[in-house]
Every structure is written in C-alpha cells, then in structure tokens.
Amino acid sequence: MVKNDRWIREMARKGMITPFEEGQVRKGVISYGLSSYGYDMRIGDEFKIFTNINSTVIDPKGFDPQSFVDFKGEVCVIPPNSFVLASSVEYFRIPRDVIVICLGKSTYARCGIVVNVTPLEPEWEGHVTIEISNTTPLPARIYANEGIAQLIFLGAEEVCARSYADKTGKYQAQKGITLPKI
C-alpha cells in the first residue's frame, strides 16, 4: 500500500525525515517537500564529479576515489555523457514495515538527466547518496538545495523478517556522499 501525505507527515514528526518540508516548495525552484503520495528530496551542495583524468577502470570491488573531482557550490555542471554523486539534504529513518522507491523528477528527466537511487530498505537510515547522469552530449546544470527525486513510501502488511539494520548493512547511518563499499 502506498503511504499518503498524512502518514508521511506523522512519520516525519517522529523523525523519519529531517529536515522535513511540510508542503511542496515550487516557486522559482525545482520542487521539493511533501507531495500527495511521497516526498521530493533535495540534493546538497557537495558533489563528486566523475572524471577520466586517470583513465581508471571503474570497479565496484576496488573503487578509486581519484575518479572524482570534489566540488561545492549552488550549481554543479555535469560534463557530457558523465555523472556526479551527491547527497540528500534530508536524513531518513525508514520504519521496519516500509520500503521506499526513488524516481527522478520529470524536470530533470526532460533534459536528459537521469537520477539513480536504490530502494531505501526497512530500517535503513542516513543521507541518500544520489547518482545523477547526464545522458546528453552537452554539459548539464543541476541545482543544490532543490528537488532531485521523488520518494514513494510503500507499506507492508507485516514487518519484514530481516531489516537492513538486522543485516548491519554497510551503508547504515551514512552521512554525506558515500562511495561504493565491499
């Protein structure tokens, strides 16, 4: 069952989303905050821009952090056919009977910018590390402290047998941008 805005508001009061924007902020920005059946999260102002300076092979089992250039600012330019990592402004604490699916915002999708986030599992908590791809042959801008993706909260009829916390997941309680771990 998809959770509605009343449920999300109540759970936010219990610390599920911090900071929590009670309504949808839209004027002059890419929208963020509470929506009918979800929450539009924002990206922070710190980015890791992928670079091919070192001609490194990308390997999730042996990731080279030098594959990124660190950048902090209100506007990040993603090189053509490349990507950046960023982190959500909001810190999330997912209940044991909920799983969260993340979808990119249509404003960015219509510009060839694709957002990828894996599901937020039951009892996971932390800042969301967000991968933002520029699929175009041109540089693309993304805006810090504005909406980047919509989260849809799905409630289960029963709590899960084994949560992310039970598994002591490697990305539990992550803060800021977190690179791949094995």
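Can you confirm whether V77 is under 14 Å from the mean Cα position of the chain (by Cα), surrounded by 14 or more Cβ atoms within 10 Å (Cβ to Cβ), in a strand (DSSP E or B) and of a type in the set (A, V, I, L, M)?
In short, no.
Which residue is nearest to V84 (Cα to Cα), if the candidates are limited to region 22-48 and must be of a type in the set (F, W, Y) and assigned to a strand (DSSP E or B)?
Top of the filtered list is F47.
Just a yes or no: is a residue in region 57-73 in contact with a Pro (Cβ under 7 Å, 6 or more places away or on another chain), surrounded by 13 or more Cβ atoms within 10 Å (Cβ to Cβ) and in a strand (DSSP E or B)?
no
Under 6 Å between Cβ atoms, which residue pairs at least 6 apart in sequence (or on different chains) link something in region 80-95 that is touching a residue at least 60 places away in the same chain (Cβ under 8 Å) with a partner that is among the acidic types (D, E) and part of a strand (DSSP E or B)?
These pairs meet every condition: L85/E131; R93/E125.
For Q24, work out the one condition from (1) within 27 Å of F71 (Cβ to Cβ); (2) of a type outside the set (A, V, I, L, M); (3) surrounded by 12 or more Cβ atoms within 10 Å (Cβ to Cβ) it doesn't fulfil.
(1)
Within region 134-164, count every residue that is within 19 Å of the chain's Cα centre (by Cα), among the small types (G, A, S) and farther than 16 Å from S88 by Cβ.
Of the residues in that region, 1 qualify.
Do we find a residue being assigned to a strand (DSSP E or B) and in contact (Cβ under 8 Å) with a residue 24 or more places away in the chain anywhere in region 14-21?
Yes - at least one qualifying residue is present in region 14-21.
Just the residues that are farther than 30 Å from E21 by Cα and in contact with a Gly (Cβ under 6 Å, 6 or more places away or on another chain), please, taken from region 47-103.
If the condition is that a residue be farther than 30 Å from E21 by Cα and in contact with a Gly (Cβ under 6 Å, 6 or more places away or on another chain), then no residue fits.
State all residues of region 30-56 that are surrounded by fewer than 16 Cβ atoms within 10 Å (Cβ to Cβ) and among the aliphatic types (A, V, I, L, M); if no residue qualifies, say none.
I53
Only one of E123, E90, E131 is crowded, with 18+ Cβ neighbours inside 10 Å and under 14 Å from the mean Cα position of the chain (by Cα). Can you tell me which? Walk me through how you get there before you give the answer.
Numbers: E123 fails: under 14 Å from the mean Cα position of the chain (by Cα); E131 fails: crowded, with 18+ Cβ neighbours inside 10 Å.
The match here is E90.
Hey, A161 hits all of (1) among the aliphatic types (A, V, I, L, M); (2) surrounded by 19 or more Cβ atoms within 10 Å (Cβ to Cβ); (3) modelled with pLDDT of 95 or more but one; which does it fall short on?
With (1) among the aliphatic types (A, V, I, L, M); (2) surrounded by 19 or more Cβ atoms within 10 Å (Cβ to Cβ); (3) modelled with pLDDT of 95 or more applied to A161, the lone miss is (2).
Please specify each residue of region 90-145 satisfying the condition of being outside any strand (DSSP E or B), closer than 22 Å to N4 by Cα and not polar (S, T, N, Q).
Initially, region 90-145 is screened for residues outside any strand (DSSP E or B), giving 94-97, 105-112, 117-119, 121-124, 135-139, 144-145.
Now restrict to residues that are closer than 22 Å to N4 by Cα: 94-97, 105-106, 117-119, 121-124.
Residues satisfying the conditions are I94, P95, R96, D97, K105, V117, P119, E121, P122, E123, W124.
Here is a list: L154, L138. Which entry is within 17 Å of C102 (Cα to Cα) and either surrounded by 18 or more Cβ atoms within 10 Å (Cβ to Cβ) or among the aliphatic types (A, V, I, L, M) (or both)?
L154
Which ones in region 6-47 are among the charged types (D, E, K, R), touching a strand residue (DSSP E or B) at 6+ places or on another chain (Cβ under 7 Å) and farther than 22 Å from T107 by Cα?
R9 - this is the single residue of region 6-47 that is among the charged types (D, E, K, R), touching a strand residue (DSSP E or B) at 6+ places or on another chain (Cβ under 7 Å) and farther than 22 Å from T107 by Cα.
The values are calculated or read from the model by the stated rules, or taken from the named source; none is laboratory data. As the structure is a computational prediction, the values presented were derived from the model and not from experiment. Don't worry about glycine lacking a Cβ; one is built from the backbone with ideal geometry, like all the others, and counts go over all protein chains shown.
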